[in-house]
Amino acid sequence: MLEELNIKDFALIENDYLEFEKGFTVLSGETGAGKSILIGALSFLLGGKADVNQIRTGKNEASVSGTFVLPPCNEVRNLNDDEEPLNANEWLNQHGISIENNRVLLRRFIRDSGKSGAWINDTPVTRGDLAAFSSFLVDIHGQHEHQSLMKVPEHRKFLDNRAGITTEVMAFTQKYAELVEKRRLLDQYSMSESERLRKLDMCNFAVKEITEAKLKKDEDTQLEDEEARLLSFEKIYSDSDEICKMLDEGESSVIDILKKVRRNASHIAGMDKSVAALDERVESAFYELSDICAEFNSYKNALIFDPARLAQVQERLSLIYNLKKKYTSSPNAPLSELFEYCENAQKYIDENSDGANKKDALTAQIKVLEKDILAQAQIISAKRKACADQLSKEVDAILAKLGMNGTHFGVSIQEKEGSDVAQKCGPYGKDNIEFLISANPGTPLLPLAKIASGGELSRVMLALKTIFAQNDSVETLIFDEIDTGIGGEVAVAVGSHMKNLAKNRQIFCITHLASIAVYADNQIKIEKAVEGGITSSNVHTVKGEERVAEIARMLSGDSDTQQSLVHAKTMLEKYSGGF
């Protein structure tokens, strides 16, 4: 649920902060007041297109932030990177983002330089990540953007959810992945015998050569450091000897001078206590330098030039260099690449040493899996078809009430083409699924995405969302242009459906129709104002008499006449239980 929204310098909006509630919220205002700007700001926040033209005139940055309350989640699966999350909590867990009090903060900005940025809580994310995550939070209908029901791959998920077979399909996906892996292994074993033996020989030789080298972790870098020391022995000894002489040899040495400084400082401190701290620092410096000198002497005396050790080090480095040259991306590659190559070569040996027997065993396993998968796919397909028929009837009934009598909704379930199981089935079964619509009697069913009217599209979405309300995890729905070409009883029916849908979801609707607005639990008004030659859009919640006046304006275009005000109050009391 969207709880808070903060918009700054976005299009005509200078700085607006809004708090939202559950239930059905209507966005109203004069034509051109900026209702679409508010939706645009929210779409921007949810990962929509970022454009410098969205920045308010005279400003250098636009920003939008919003707080969302996530529904409680009893179980969050730990997913791999390639697994698909089922809800917002699983997506956050998969990306290592933690939340508190079931709330998440989204933030996004764009500057006039074209630079933009986005965050989920305190974690920076890409636009793609933001859009992927927010798809679990909000659906915007009517602008052909951010609409899960417009994405054909989503149709299969909705149908499976409605049919109650999501868990069954997930189990099928796992079994299908097992088949794919076994086929991959079989392809390896199916290579020509001479090729298999050649690759086995190569892997055996590589494993033997790398293993016999008895390499240790980071050995190459340690040897390089040791080689550098041995090659620089004379310079190291000379510099160490010079340090020792400067510190403690002769009357002009550092330590000898410090002895005199220490003696004088001690005398002064005996006569003036304010110098005691300085005396202590001189004494500390004397002992520290004396200790440094002693350690350098020990270091110098321990230095030994060992030509034999240098030869050993260089020989070992040469061996490592040659192994890297043969088995890694470059002679300068990290030693870990060599270990990884050896591990993969050993894995190939383990999997391919007994090629003929393993090939026969895999072939038998694949036949059993294929038979099982095809049988499960047929069961899943039958359940989908049964659900599809019922879904079509339910949607048609709702569309008739929403002013689209004669419109027919259908679900296309086509079997995948192919001659074997791998071609006939995919990770989710044997079906290609797509929602279709016929807007007028006698016209053929066409893909949902081909509906031209935003109002028709929104009403189809409203019908589907009404049906899917118990199964869909998206809690916030926004309907734009839903009142295009409707009025009278149809508008009342649309408002009633919105109200019912809002019992389990947070619903936002942009509308010009009072007969829809009066059903809302909350109403937000967008007004345009010009001050100092600069146009702004102001967004605020209307309640009480102010809401009555806004409904009256929507009814007659005039909020001042007594007749329209009385009519507005009557409608609000009838459909909202008050104002």
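The values are calculated or read from the model by the stated rules, or taken from the named source; none is laboratory data. This is a predicted model, so every value here is computed, not measured. Methodologically, a virtual Cβ is constructed for each residue, glycine included, from the backbone with ideal geometry; neighbour enumeration extends over all protein chains shown. All accessible areas refer to the heavy atoms of the entire protein, side chains included, with ligands and DNA or RNA removed. Shrake-Rupley method; radii C 1.70, N 1.55, O 1.52, S 1.80 Å.
A few notes on this one:
- Label point at T57 placed 7 Å out along Cα→Cβ; residues across the stretch 535-550 whose backbone nitrogen lies under 14 Å: 535-537
- In nm, spacing of pseudo-spin labels at V530 and D225 (7 Å Cα→C-beta vector): 7.4
- Taking a sphere under 14 Å around the Cβ of G270 and counting the other residues whose Cβ falls inside, with K and R at +1 and D and E at -1, yields a net charge of -1.
- Distance between the pseudo-spin-label points of M202 and Q365 (7 Å out from Cα toward the beta carbon): 2.5 nm.
- Packing here is the average count of other Cβ atoms within 10 Å per residue, and on that basis the peptides 208-219, 150-161, highest first, run 150-161, 208-219.
- For the stretch 278-387, a simple Cβ point-charge model (Lys and Arg +1, Asp and Glu -1, everything else neutral) yields a dipole of about 1360 debye relative to the Cα centre.
- Note that the stretch 492-579 presents 46 Å² accessible area per residue, ligands and nucleic acids not counted, probe 1.4 Å.
- Sequence of M202, M571 from largest to smallest accessible area, 1.4 Å probe: M202, M571
- Of all accessible heavy-atom area on the stretch 283-372, the percent that carbon and sulfur account for (1.4 Å): 54
- On the principal axes of its alpha carbon atoms, the stretch 227-360 extends 100, 36, 21 Å, with the longest extent given first.
- A simple charge model with +1 on the Cβ of Lys and Arg, -1 on the Cβ of Asp and Glu and nothing else charged puts the dipole of the chain at about 1920 debye relative to its Cα centre.
- Pairwise label distance in nanometres, E573 with D122, each label 7 Å out on the Cα-Cβ vector: 5.4
- Listed residue (A311, I373, S238) projecting farthest to the positive dipole end of the chain, Cβ model: I373
- Table column - 3J(HN,Hα) (Hz), the stretch 67-78, Karplus curve with 6.51, -1.76, 1.60, x for Gly and Pro: 9, 10, 9, 8, x, x, 10, 6, 9, 10, 6, 8
- Mean-position separation - Cα centroids, the stretch 97-125 and the stretch 15-42, in angstrom: 21
- Surface share of carbon and sulfur [accessible, 1.4 angstrom probe, percent] for the stretch 165-249: 52
- In the chain, Rg over Rh equals 1.20, where Rg is the alpha-carbon radius of gyration and Rh the Kirkwood radius from pairwise Cα distances.
- Shape summary of the stretch 334-380, radius of gyration then Dmax from alpha carbon positions: 17.5, 52 Å.
- For the stretch 426-542, fraction of C-alpha pairs farther apart than 18 Å, in %: 62
- Here the sum of -39500 (n - 2.57) over DSSP H runs of 4 or more residues, divided by the residues of the chain, equals -17500 deg cm²/dmol at 222 nm, to the nearest 500.
- Pair-distance distribution P(r) for the stretch 3-122, from all Cα-Cα distances in 10 Å bins starting at 0: 12, 37, 31, 17, 3 percent.
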